[in-house]
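Colleague: So that we are looking at the same thing, I have put the structure below in structure tokens.
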Amino acid sequence: MGATQHRHSCTGQVATSVRNGGRPPGAPRISPCGPLLTSADSGVSIPSHVADPLLHAPPHGRSHGDHQCRLFLPLTHSRSGPARLLPSARPPAPSPERRGVHTVIRVEKLHKTFGTGTRARPVLHDVGLNIAQGTIGAVVGPSGAGKSTLARCVNLLERPTSGRVLVAGTDVTDLPERELRHARRAIGTVFQSANLLRRRTAAENVAMPLRYLGVTAREEKLRVAELLERVGLTDRADYYPAQLSGGQRQRVGIARALALRPKVLLSDEATSGLDPAATRSVLALLRELRTDLDLAILLITHEMEAVREVADTAALLREGRVVESGPVHQLVADPHSALGNALLPDRPVSSGRPGLGTWRLTYQGHAVPTDWLTRLGADHGLDVHLLSATVEEIAGRTAGRATVAVSHDRADELTSALDGWGIHAEPLPWDHGAPAVGPAPSESASEAVAETAEEAVV
């Protein structure tokens, strides 16, 4: 038993075939979410220039051409009438203490090579990455490090040469194309240029996945209104992309990526090229989506400000390898972390005074007293020279770095007092003949770490 529906796309007539799988009258539905469509039983054929903004950006230097691609989406059907959008099966967002418990994105020993033989060019080498539910994991690195290739491997727009990619517990690496289309529905992607259709309004761009899903006009209207309200663009529903600012276009792209209620959101340089106000607005929206929808968000960026603002974890990718990774609050508390130094830069300086030793201090957490410098003098009688300091709120915690100078014969008292407050102190091995106030010698270990961090992310 089957039913065939025909509808028109923006470029011509497209046939949509739906079969109910032979369910006898009165039989219960297969599952609360309805049957899943595959290329074997149903699908929607759409032109690639329409599907590309929904699924992926075209490879550089390659045109779309006129070939057709097939986009498979979750439907429920009845004996008559149009298909209906699946209800969200997402449970309520867990409490903050439960966040980060379940890993949603797992990348294991991932390798990606383009070309073969003498033209083979390795891009990713033994990459490992974990992003938990309800968290934002940032991947940073210089241009050409392989960040975007990693994102395309996560949603399998690029097949890894070797290794595994697991999304929501499913190994998607070797899935057949038909099953991969179904698995990819759990992943929403936001691109640098938003990839909006210029001749469609904001509402029509958001509705595109729903329209090819085959939902009713009423459900499409309600879902689009919900998404535009979520991204704060209800009053811009009828605006075309050219009438929107860069930040607003990016918000439309985010709304479209959320249309099918994904579990994972990939943000590939989504804030690149935006002005500071628009960048903060988009980052605030991503942080809100993480909390409200319990999404696992992979944030591809080269902007340290973006990582400081929203990331829970970060990984530094250099020449296709993850050279450092971890929770952001732990990275900034580690004085030897190149990524931590880039996230919270504080270039140490020397006092240049004989008899004084220079110390580098790092700390994070609200337990550290804000008046620790004053208390060193008032409570311990230490004459402390503050040479530099940086304090910021990162990953919901106060993080600070400072360089101080104190008499060599009082060093033990300094470290004892700081340890009691949770402040890590590390002596800097500089000569007393350094300039009165100025950069540390380039051969020092701390300077080398800072320079490495800057080169890695700029």
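Each value in this text was obtained by applying a stated rule to the coordinates, not by laboratory testing. The structure presented is a predicted model; accordingly, all values stated were derived computationally and were not measured. Ideal geometry is used to build each Cβ from the backbone, glycine not excepted, and the neighbour counts take in all protein chains shown.
Colleague: Show the residues, 5+ positions off or on another chain, whose built amide H is closer than 5 Å to the amide H of residue 388.
Modeller: 403
Colleague: I would also like to ask the following. Mind listing P(r) for segment 98-331? All alpha-carbon pairs, 5 Å bins, whole percents.
Modeller: Values per bin, smallest distances first: 1, 7, 14, 18, 19, 17, 12, 8, 4, 1, 0, 0.
Colleague: Under a 5 Å amide H to amide H cut-off, with H placed in plane at 1.01 Å, what residues pair with residue 357 once short-range neighbours are removed?
Modeller: 406, 407, 408
Colleague: Next question. For segment 190-293, would you read off the P(r) tail past 16 Å as a percentage of all alpha carbon pairs? Display every interim value, and only then the final one.
Modeller: On the way: 2838 of 5356 pairs.
Summing the P(r) of segment 190-293 above 16 Å gives 53 percent of all pairs.
Colleague: Separate question: Show me 233-241, 392-400, 145-153 ranked by packing, highest mean number of other Cβ atoms within 10 Å first. Please list the in-between numbers first.
Modeller: Details: 233-241: 15.6, 392-400: 17.7, 145-153: 23.4.
Peptide ranking by packing, descending: 145-153, 392-400, 233-241.
Colleague: Rounded to whole Hz and in sequence order, give me ³J(HN,Hα) for segment 406-421 from the Karplus expression 6.51 cos²θ - 1.76 cosθ + 1.60, θ = phi - 60°, writing x for Gly and Pro.
Modeller: Each residue's phi maps through the Karplus curve to give 8, 4, 4, 6, 10, 4, 5, 5, 4, 5, 5, 5, 5, 4, x, 9 Hz.
Colleague: Kindly write out, for segment 112-124 in residue order, the coupling ³J(HN,Hα) from the Karplus curve 6.51 cos²θ - 1.76 cosθ + 1.60 (θ = phi - 60°), rounded to whole Hz, with x marking Gly and Pro.
Modeller: 9, 10, 9, x, 9, x, 6, 9, 5, 10, x, 10, 10
Colleague: Still on this structure, please answer the following. How big is D for segment 342-401, in µm² s⁻¹ as a whole number, if Stokes-Einstein is applied with the Kirkwood radius of its Cα pairs at 4 °C and 1.567 mPa s? It would help to have the intermediate numbers written out before the result.
Modeller: Details: Rh = 13.0 Å.
D, rounded to a whole number, is 99 µm²/s.
Colleague: Let me ask you something else. HN-Hα J couplings of segment 261-272 from phi, Karplus 6.51/-1.76/1.60, θ = phi - 60°, integer Hz, Gly and Pro as x?
Modeller: Each residue's phi maps through the Karplus curve to give 6, x, 8, 10, 10, 9, 10, 9, 6, 5, 9, 5 Hz.
Colleague: Got a sec? How would 372, 421 order by Cβ neighbour count within 10 Å, fewest to most? Kindly include the intermediate steps, with their values, before the conclusion.
Modeller: Values: 372 20, 421 13.
By the 10 Å Cβ count, ascending: 421, 372.
Colleague: In a Debye calculation with equal point scatterers on the alpha-carbon sites of segment 145-200 and no solvent, what is log10 I(q)/I(0) at q = 0.31 Å⁻¹?
Modeller: -1.35
Colleague: Could you bin all the Cα-Cα distances of segment 305-436 into 5 Å bins starting at 0 and give me the percent of pairs in each, rounded to whole numbers?
Modeller: Once binned at 5 Å, the Cα pair distances of segment 305-436 give 2, 10, 20, 21, 17, 13, 9, 6, 2, 0, 0.
Colleague: Let me ask something else. Relative to the present Cα-Cα distance, how much length would full extension add between residue 164 and residue 409 at 0.36 nm per residue of separation? Mind dumping the intermediate values first?
Modeller: Details: separation 245, 0.36 × 245 = 88.20 nm, distance 5.56 nm.
Working it through step by step, the gained length comes to 82.6 nm.
Colleague: If you place +1 on the Cβ of every Lys and Arg, -1 on the Cβ of every Asp and Glu, and leave all else neutral, what size is the dipole of segment 98-331 about its Cα centre, to the nearest 20 Debye?
Modeller: Working: 35 positive and 26 negative charges, 110 e Å.
Around 520 debye, computed over segment 98-331.
Colleague: Moving on to the next point. Can you give the charge dipole size of segment 306-427 about its Cα centre, rounded to the nearest 20 debye, using +1 on the beta carbon of Lys and Arg and -1 on the beta carbon of Asp and Glu? Display every interim value, and only then the final one.
Modeller: Details: 10 positive and 16 negative charges, 63 e Å.
Dipole magnitude for segment 306-427 comes out near 300 debye.
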